[in-house]
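Derivation of every value follows stated rules applied to the coordinates shown; laboratory data play no part. Quick caveat, the model's predicted, so the values are computed rather than measured. Using ideal geometry, Cβ is built from the backbone for each residue, glycine included, and neighbour counts are taken over all protein chains shown.
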Amino acid sequence: MAKISKTFELYGKEYTLTTGELAKQATGAVVVSQGDTTVLVTAVVSKETKDYDFFPLTVDYIERMYSVGRIPGGYLKREARPSDKGTLTARMIDRPIRPGFPDGFHNEVHIVATPLVCDGINQPDVISIMAASAALMVGGAPFEGPAAGVRIGRDKDTGEFIVNPTFQEEENSDLELTVAGTADFISMVEAGADEVSEEDMLAALAFAQKVIGEFCAIEQEFIAEANPTPLAYQLEEPVEEVHERVFAFVDQMNAALKDADKQSRTAKVEELKAEVIATFTEDERAAWGKFIAAEFKALEKKVMRAMILETGERVDGRTVTEIRPLFIEAGYLPRVHGSGLFQRGQTQVLSIATLGMLSEWQRFDTIDPCEGKRYIHHYNFPPYCTGEVGRMGSPKRREIGHGNLAEKALLPMIPSEEEFPYTIRVVSEVMESNGSSSMASTCGSTLALMDAGVPIKRPVSGIAMGLIKEGDDIAVLSDIQGLEDFLGDMDFKVCGTEKGITALQMDNKAKGLSVDILAKALSQAKEGRAFILSAMLEAIAEPRESLSDYAPRIITIHVPVDKIRDVIGSGGKVIRGIQEETGASVDIQEDGTVFIASKDTGGEIAKKMIEDIVRVPEVGEDYYGKVVSIQPFGAFIELTPSKDGLLHISKIAKGRINKVEDMLNIGDEVHVIITEIDEKGKISLDRLEKPEAIVVESDEPAANSGSRERRNSQRREPRRKH
């Protein structure tokens, strides 16, 4: 194929699609750019059909540090496992692409997106969706496109929507809405928002659908110019006899599904499955095994959906708007900084909050300009939560995605660094799952943060909505369980406060999803969120007034920038000494802000030590200082760790003394006042509350004068370590 390139402008930004130059042995390859940000997306479709009962699509988003002119960190100096952002972007590409392939297509498909250049201005992730669609279509794959993705921001000052905002434009936006789909329907939604209303969110979704249509129209022109040759492929067709024999068990399936307990219901369905399989001969099972399994799943789907549309009753007996029973407890665990148990039906999540120093923030080694974050949410989904056996290892894409959604939901409510100078980590452990575990982790995390005493702006609750759509018959479901997610048409997660939406995520399998349906889902979700939030507030009405006894107390002070070196000391000697002596952790910022963390009084002691170091003595100030050196002419008194003053022998007592040692010893504490600071900064002192002089007979003449510069040579013991 000869090189084909198309440059176009939409909503003030310029894009280019190019094919026929790079990666020409792939089934299809397209380079997409926005500004100087450039991404290569390749698609390869295997020539042979696999004997799978699923569509084998794999999407990888490969971050290369050369794209931002950096060498990777770490010992190996090469990219290792994908970053969380890379994993989330791969999921973002997968979700709108997967529904575009026909049922029964079982050839392996591998999509690889590689950002070649990231200009630090334009974002590389969303434009990769359009490039993936174009790569499949120029390669002739059986993909029902074109498809595209768009990110919508909203300017805080003007209220205007921004299409594919730059990193800088996004900083002044109260909305980050990512939408993907075709010109006709939306298939995927991701959003983070600062309490945006349902009406404004709907307007943004409608606008995004319009913009996607415009991108798809231009993409179609590009594909037409490429004039691809369709690939030859074979779809796996269902066996009609198998369909008829399996669907003869409609009544039995209807009876098996009517059970509110997940494990019991699953067992009944499995018993029925065994009964159905037993009606086939051994030869038939050998020939039609996967078709029997597929038709049985189709039977389960049909019966479940018909039950809801025809009777309004769900498999667990609930109505379409009813929320499962709730059990909520804040402060569930002892000793941890904060915890919350949230259970909704048979979905149970325990969230634990931990507070740490700001220096414990998470640093990123990615191509994004963002350096890191101080609020971290992690989500764990172990096999036991669904009663299964499995391997435990690094988090899977689903766990990273669900954790990111809960983090995004709570992030707008996290207090600023100035208001609450902590790094905050929340871990949500899914103890039991039957759908909506990500929303349970959002609710549980709110409880844990409030229990930890984090002054969040407002509590956040979340709910997962579902959809059953057969022609014009529609049912929107509140608080979907696992079966309704798997066999339904939509998984629409909505998080927010009483004031508005903070996060959205939607996967849609139903074509023709209208704005009216989304409006109904958002309205119903608002009612469900309010119901759940009221139950949460009964468990804990507001953040705790004080932190846990086991959480660090952080004291914030500011020191002059030119004094930072004095606090740190040569090679960190002074600051290490403060930490060793007090047990507190000390973190100094470049602007002179000092964070001191401790679980006891060590923090206050460390604070005083630092204040003493940077304190500038003035005439008239009094100090309780220690004698650190004795000379014939007087004693040197430590006023601060970096400043001494001279108490002349004539100022030590009432009356004349022969020797300083007659009245003072090294280590004695003396109450003194500054009487003079000369042009060289040398400090003269007078003693307050002088005692009567003690005269000790001695053959040596009293010495009451001498050189200040000789003071260090005659000290009786070394100065205190810092």
Computed over the chain, the relative contact order (Cα-Cα under 8 Å, seq sep at least six) in percent reads 9
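Note down the relative contact order for the stretch 553-614 as a percent, whole number, built from C-alpha pairs under 8 angstrom at least six residues apart.
44
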Using R₀ = 60 Å, calculate the FRET efficiency as 1/(1 + (r/R₀)^6) where r is the Cβ-Cβ separation of THR601 and THR16; round to 0.05. 0.40
Once fully extended, how much extra length lies between LYS680 and VAL561, figured as 0.36 nm per residue of separation less the alpha-carbon to alpha-carbon distance? 40.6 nm
Taking the Cα centre of the stretch 553-614 as origin, work out the dipole magnitude from +1 charges on Lys and Arg Cβ and -1 charges on Asp and Glu Cβ, in debye rounded to 20. 120
At most 11 other Cβ atoms within 10 Å and a DSSP loop assignment: could you name the chymotrypsin sites (Phe, Trp or Tyr not before Pro) in the stretch 67-156 that fit? TYR75
Helix 437-451: angle to the longest alpha-carbon principal axis of the chain, degrees 0 to 90, nearest 10? 20
Taking the Cα centre of the stretch 4-226 as origin and charging only Cβ (+1 Lys, Arg; -1 Asp, Glu), how large is the dipole, in debye to the nearest 20? 1080
Loop GluC sites (Glu not before Pro), the stretch 397-483 (other Cβ atoms within 10 Å of the site Cβ: 12 or fewer; DSSP): GLU418, GLU419
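Ratio to report: Rg/Rh of the stretch 154-208, with Cα atoms as the point set and Rh obtained by the Kirkwood method; give two decimals.
Working: Rg = 11.1 Å, Rh = 11.7 Å.
Taking Rh as the inverse mean 1/r over Cα pairs, Rg/Rh reads 0.95.
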Tell me which of LEU333, MET450, TRP288 sits at the most positive position along the dipole axis of the chain, charges placed on C-beta atoms (Lys, Arg +1; Asp, Glu -1). LEU333
Note the listed values (1) 34.9, 125; (2) 25.8, 80; (3) 34.3, 138, then indicate which one is Rg and Dmax of the Cα atoms in Å calculated from this particular structure. (1)
Loop-located trypsin sites (Lys or Arg not before Pro) in the stretch 240-342 whose Cβ has at most 16 other Cβ within 10 Å (DSSP): LYS258, ARG335
Span per principal axis, largest first, for the Cα atoms of the stretch 326-539 (Å): 56, 43, 42
For the chain, build the charge dipole from Cβ charges (+1 Lys, Arg; -1 Asp, Glu) around the Cα centre, then report which of ILE588, TYR384, PRO369 sits farthest towards its positive end. ILE588
Using only Cα atoms, tell me the angle between helix 262-278 and the longest principal axis of the chain; keep it within 0 to 90° and round to the nearest 10. 30
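Exposure proxy check: CYS216, CYS118, CYS443, CYS370 ranked by fewest other beta carbons within 10 Å? Working shown, then result.
On the way: CYS216 20, CYS118 26, CYS443 32, CYS370 9.
Ranked by crowding around the Cβ, least crowded first: CYS370, CYS216, CYS118, CYS443.
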Report the label-to-label distance for GLU580 and GLU689 in nanometres (one decimal), using points 7 Å from each Cα along the Cα→Cβ vector. 3.3
Report, in degrees rounded to the nearest 10, the 0 to 90 angle that the Cα long axis of helix 397-410 makes with the longest principal axis of the chain. 60
Report the one residue of GLY634, ILE308, VAL250 whose Cα lies farthest in the direction of the positive end of the charge dipole of the chain (charges on C-beta: Lys and Arg +1, Asp and Glu -1; origin at the Cα centre). GLY634
Label zone at ARG81 (point 7 Å along Cα-to-Cβ), backbone N below 18 Å, the stretch 366-397: 366-367, 376-383, 390-397
Separation between the PHE8 and ALA519 pseudo-spin-labels, each 7 Å from Cα along Cα→Cβ, expressed in nm? 2.9
Shape parameters for the stretch 264-335, alpha-carbon atoms, Rg then Dmax in Å: 19.0, 61
Separation between the VAL389 and MET1 pseudo-spin-labels, each 7 Å from Cα along Cα→Cβ, expressed in nm? 4.7
Taking every DSSP beta bridge that has both residues in the chain, what percent is antiparallel when rounded to the nearest 5? 90
Charges at C-beta only: +1 for Lys and Arg, -1 for Asp and Glu. How large is the resulting dipole of the stretch 326-539 about its Cα centre, in Debye rounded to 20? 280
